[in-house]
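Inspection log for the structure reproduced underneath, given as structure tokens.
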Amino acid sequence: MSEEIIQDVIIGESEDYIINLGPQHPSTHGVLRLEVCLKGETVKYLNPHVGYIHRGIEKMCEAITYQQIIHLTDRMDYLSAHMNNEAVCMVVEDALQVEVPERVKYIRTILDELNRLASHQLWWCAFGMDLGALTTFFYGLRDREHILDIFEESFGSRLLHSFNTPGGLMHDVHPNFQKRIKDFIKYFREKLPEYDQLLTGNIIFQNRAKGIGYMSKETAIGYGVTGPSGRGSNFSCDIRKIAPYGVYDKVQFNEILETGCDTFARYKVRMAEMWESLSILEQLVDNIPEGDFTAKMKPVVKLPAGEYFRRVETARGELAVYVVSDGNKNPYRMRFRTPNFSNLFVMNEIASGYKIADLIAISGSLDLVIPDIDR
Amino acid sequence: MNSIAEYFTDLYKGISSLWAGMRITGKYFFSPRAIVTQQYPENRKTLKMEDRFKGEIIMPHDADNLHACTGCGICEMNCPNGSIEILSDRVANAEGKMERIIDKHIYHLSMCTFCGLCVKTCPSDALAFGQEFEHAVFDRNKLTKVLNQPGSKLRKEAK
Ligand code: SF4
Ligand code: SF4
């Protein structure tokens, strides 16, 4: 297989047609270029080219302090900004052996789930739109707005919050926080069935999504595909279950696994995860303990020399942060294992052999965020 | 025979699933109360941002044109993007000692990522977030602002 591809790249066949999908194609959701080799309408292979939005975040981290790193991690996977923040914070807290107050853990977990919901809602809108259902875009964004309003009220920004800081939170949440989340849960429980009626049950959508982009469990593990995309192939990879952080060990929730392995299975995982997130929120929102919003920290954070590692589950999969410290206030080396990078490169495996129109559906079902790939 | 039955069940399923979706869009189409769109910019007068909204960095001045910034430079040091520049002067105070005062607190809005570190770390709480969000200009130099107003002074704490 691989030799064949190499030969094709070098020699090419006369009837093959190589087109570039992107970097400005709307359905790549960012500046991603897919070099697609077509035979007729069938994708023979595709070759992702990354790096159009590379900002050198890992390198930039080496020059700034740990508090300042937080705002850069927002800009990797901007739809899971809170989880990215939390990963870095937890690495620092681990290294310094700071015990964060219980209140912080609860609030962080709640925000994780809110962020996951907002991200899945946006994915739902965009996925529908990729497949030609423009209506979904408006309905998804309508509901996402409610979450963003909660964010805006509590920490002033809607997408890139920078709300975590090593040791706790930047400031306390707004007094309305709990009430608004409860309102939102009630509201969204009514609205979520609409999503199913609008899109899941739609015959056009089903015909386009079912049976394409087959990713076996072996492939998923082999490429390190995590998050809902991996769980759609029955690969149990939920960090919230495997290595609980925050207060995930205190809440009841199911890891959603699907055995369909196709685009529709990945779709179903995300839809079910929205229900799970709602139930996690419900269990937590009334139980936020009183207390400080941050642990006592020194103004200059210096990690003891050594290596530190932490993983979290973002809306798209496993984010791992690896820090090498030499005892200074800047990290010696910072490395992010971002979920989208692995999720992207499985594309050649799961999209070749299908039609080019299916490629859009497949890439939509992987829910790629390009700045996270290039970082 | 089989394929004909299949054809009609597909047709039926297709129409019913289409109907399920159309019912929802129809419901919202005929209920004006469900409209969530805000008529921006027509509603500019009534539009109010949340109190904590991070629109820009401001330095609150009181009625006597006094602010709280001592010119210590901590915000400049903590800003990850170099969006703050402190130009300070040294002047003699009443007792004849040299004292550092702020000359210009320069803020580059165009480079700010609204991380909030300057507001959080300022020891005298001299900075705050403003709610202004319409920052579009034709010349990016207009986004460089001097935060301390001309003629303003440091507020002396009542001792
Ligand atoms: S704004 Fe605050 S931190 Fe910045 S120079 Fe003035 S007093 Fe210091
Ligand atoms: S909010 Fe952040 S980026 Fe903006 S001026 Fe303050 S410290 Fe700098």
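Just a yes or no: is a residue in region B:81-89 within 9 Å of ligand 1 (Cβ to nearest atom) and within 14 Å of chain A (Cβ to nearest Cβ)? Scanning region B:81-89, I find at least one residue that is within 9 Å of ligand 1 (Cβ to nearest atom) and within 14 Å of chain A (Cβ to nearest Cβ), so the answer is yes. Only a single item in (1) open to solvent by less than 60 Å² (accessible area, probe 1.4 Å); (2) within 24 Å of A:LEU79 (Cβ to Cβ); (3) aliphatic (A, V, I, L, M) is not met by A:LEU303, and it is number (2). Could you list, in sequence order, the residues of region A:86-116 that are of a type outside the set (A, V, I, L, M, F, W, C), in contact with a strand residue (DSSP E or B) (Cβ under 8 Å, 6 or more places away or on another chain) and not in a helix (DSSP H, G or I)? Hit for region A:86-116 is A:PRO101, nothing else.
Name the residues in region A:74-89 that are away from chain B (no Cβ under 11 Å) and buried (at least 19 other Cβ atoms within 10 Å of the Cβ), would you?
As a first pass, look at region A:74-89 and keep what is away from chain B (no Cβ under 11 Å): A:76-84, A:86-89.
Result: A:MET76, A:ASP77, A:LEU79, A:SER80, A:ALA81, A:HIS82, A:MET83, A:ASN84, A:GLU86, A:ALA87, A:VAL88, A:CYS89.
Is there a residue in region B:94-114 that is within 16 Å of ligand 1 (Cβ to nearest atom), among the polar types (S, T, N, Q) and either over 24 Å from the mean Cα position of the chain (by Cα) or away from chain A (no Cβ under 14 Å) (or both)? Looking through region B:94-114, none of the residues is within 16 Å of ligand 1 (Cβ to nearest atom), among the polar types (S, T, N, Q) and either over 24 Å from the mean Cα position of the chain (by Cα) or away from chain A (no Cβ under 14 Å) (or both).
Just give me the residues in region B:128-143 being among the hydrophobic types (A, V, I, L, M, F, W, C) and either away from every other protein chain (no Cβ under 14 Å) or in contact with a Leu (Cβ under 6 Å, 6 or more places away or on another chain) (or both), in sequence order. Within region B:128-143, B:ALA136, B:VAL137, B:PHE138, B:LEU143 qualify. Whenever a residue of region B:121-134 is farther than 15 Å from B:LEU66 by Cα and open to solvent by 50 Å² or more (accessible area, probe 1.4 Å), its partners that are away from ligand 2 (no atom under 12 Å from the Cβ) and not in a strand (DSSP E or B), lying with C-beta atoms within less than 6 angstrom and at least six residues away or across chains, give the pairs B:GLN131/B:MET49; B:GLN131/B:PHE53. The condition of being within 14 Å of chain A (Cβ to nearest Cβ), buried (at least 17 other Cβ atoms within 10 Å of the Cβ) and within 14 Å of ligand 1 (Cβ to nearest atom) holds for only one of B:LEU147, B:LEU117, that being B:LEU117. A:GLU194 meets the conditions (1) within 13 Å of another protein chain (Cβ to nearest Cβ); (2) open to solvent by less than 40 Å² (accessible area, probe 1.4 Å); (3) touching a residue at least 60 places away in the same chain (Cβ under 8 Å) in every case but one. The failed one is (3).
When restricted to residues that are part of a loop (DSSP other than H, G, I, E, B), more than 20 Å from A:ALA87 (Cβ to Cβ) and either more than 8 Å from chain B (Cβ to nearest Cβ) or open to solvent by 10 Å² or more (accessible area, probe 1.4 Å) (or both), region A:143-172 contains 3.
Considering only residues in region B:83-110 that are open to solvent by 40 Å² or more (accessible area, probe 1.4 Å) and within 16 Å of ligand 2 (Cβ to nearest atom), the one that is nearest to A:TYR66 (Cα to Cα) turns out to be B:GLU85. Filtering region A:174-183 for residues that are more than 30 Å from A:ASN328 (Cβ to Cβ), within 14 Å of chain B (Cβ to nearest Cβ) and in a helix (DSSP H, G or I) leaves a non-empty set. Being among the charged types (D, E, K, R) and farther than 24 Å from A:PHE138 by Cβ is the filter; apply it to region B:1-55 and report the residue that is most open to solvent (accessible area, probe 1.4 Å). By that ranking, first place goes to B:LYS45. Candidates in region A:205-249 are the residues that are within 14 Å of chain B (Cβ to nearest Cβ) and without any contact (Cβ under 8 Å) to a residue 60 or more places away in the chain; of these, the one that is most open to solvent (accessible area, probe 1.4 Å) is A:ASN207.
The values are calculated or read from the model by the stated rules, or taken from the named source; none is laboratory data. This structure is a prediction, so every number in the text was calculated from the model and none was measured. Cβ: placed from backbone, ideal geometry, glycine included. Neighbour counts: every protein chain shown. The accessibility values were calculated without ligands, DNA or RNA, using every heavy atom of the protein model including side chains. Shrake-Rupley method; radii C 1.70, N 1.55, O 1.52, S 1.80 Å.
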